[in-house]
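K.L.:
One structure coming up, written as structure tokens, with questions to follow.
The values are calculated or read from the model by the stated rules, or taken from the named source; none is laboratory data. In this text, all values refer to a predicted model and were calculated from it rather than measured experimentally. Positions of Cβ are generated from backbone atoms using ideal geometry, with glycine treated the same way; all protein chains shown enter the neighbour counts.
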Amino acid sequence: MIKIWITGANGQIGTAINEVLDPLEAEVFNTDKEELDITDTEEVLNFGEMNRPDVIINCAGIVDLNLCEKEPELAYRVNALGARNLSLVARKVGSKMVQLSTDDVFDGLSKTPYSEFDDTNPKTVYGRSKRAGENYVKEFTHKHFVVRSNWVYGRGNNFVNKVLEAANNQTPLALASDQFGSPTSAKDLARLILHLIKTNEYGTYHATCQGMCSRYEFAQEILKAAGKEVEMKAVPTKESDLSYARPAYAVLDNFILRIIDLYQMPEWKESLQEYMNEREEG
């Protein structure tokens, strides 16, 4: 039975991995900041050596862009040094390592989707700290999968749930029409990760649902899928609700997944519909 250690297990992606995993196929060690501090090198090494996981999936991170800008030391401690500590364990006990990353490692100035071969150029503390985490993982363990995604939603605090909350409260929304990405279900990302770890196809991957839209178009589709209505207008990012000043063009091309014919992510509208159906059932 494979042993999997998931850090940041209470977050959107950690939760989704646990939902998708077959409990008969894996022994899972779930830790979040309450159980283990990934920035404490000694604590991480001790846990890793004691449990000797076959795979480490690092879902932990400071993802609040404003918090990262206000407290860069915290951002780098968790997003960069935390990843370093886990990759040290991976190297020491021979684990495969999955490092979750982001489109924010790019500057958002492109007019075409970013592939894994495009140069990174982060403009935010969050993006720079995540790139530093990627680099540590690549430096310390060769058995790694760096998985970049964007506009991820699942259980918890995210754009989809905020739009639905606004609709329930009939709070008018002004949403960015100049911010583009590929909405990606945490569950679909989890399925990809669990597929990847069964392979030896190490490297960096872009993994988003297929297709792209603006924040405004995404909200329109959310309301349509939920059968709800709320007053909405399309505005520039700086005047918008629910959007931070982040890369304007956040579209990633799943280039490597495609050229090695490893896995195909679903279309984003199909994924959203699956999420909405599960939300209604749950």
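K.L.:
Looking at 184, 204, which is the one that is among the β-branched types (Val, Ile, Thr) and buried (at least 23 other Cβ atoms within 10 Å of the Cβ)?
P.N.:
Criteria check complete, one pass: 184.
K.L.:
All but one of (1) touching a Ser or Thr at 6+ places or on another chain (Cβ under 7 Å); (2) closer than 20 Å to residue 186 by Cα; (3) buried (at least 16 other Cβ atoms within 10 Å of the Cβ); (4) not β-branched (Val, Ile, Thr) hold for residue 250; state the number of the condition that does not hold.
P.N.:
Status for residue 250: all satisfied but (1).
K.L.:
Looking at 228, 198, 233, 187 in this structure, which one is among the basic types (Lys, Arg), under 16 Å from residue 161 (Cβ atoms) and either touching a strand residue (DSSP E or B) at 6+ places or on another chain (Cβ under 6 Å) or modelled with pLDDT of 95 or more (or both)?
P.N.:
Exactly one residue qualifies, and that residue is 187.
K.L.:
Would you check if residue 78 is surrounded by 14 or more Cβ atoms within 10 Å (Cβ to Cβ), among the β-branched types (Val, Ile, Thr), at pLDDT below 95 and closer than 17 Å to residue 131 by Cβ?
P.N.:
No, not satisfied.
K.L.:
Take region 199-257 and flag every residue that is within 17 Å of residue 270 (Cα to Cα) and of a type in the set (Val, Ile, Thr).
P.N.:
Answer for region 199-257, where residues must be within 17 Å of residue 270 (Cα to Cα) and of a type in the set (Val, Ile, Thr): 208, 222.
K.L.:
Considering every residue within region 181-197, establish whether at least one is more than 16 Å from residue 153 (Cα to Cα) and in a loop (DSSP other than H, G, I, E, B).
P.N.:
Yes, that holds for at least one residue.
K.L.:
Restricting the search to region 55-114, which residues are of a type in the set (Asp, Glu), within 22 Å of residue 12 (Cβ to Cβ) and touching a Pro at 6+ places or on another chain (Cβ under 9 Å)?
P.N.:
103, 104
K.L.:
So, of the residues in region 231-247 that are buried (at least 19 other Cβ atoms within 10 Å of the Cβ) and out of contact with any Asp or Glu (no Cβ under 7 Å at 6 or more places or on another chain), which turns out to be nearest to residue 276 (Cα to Cα)?
P.N.:
Per the stated criteria, the residue is 243.
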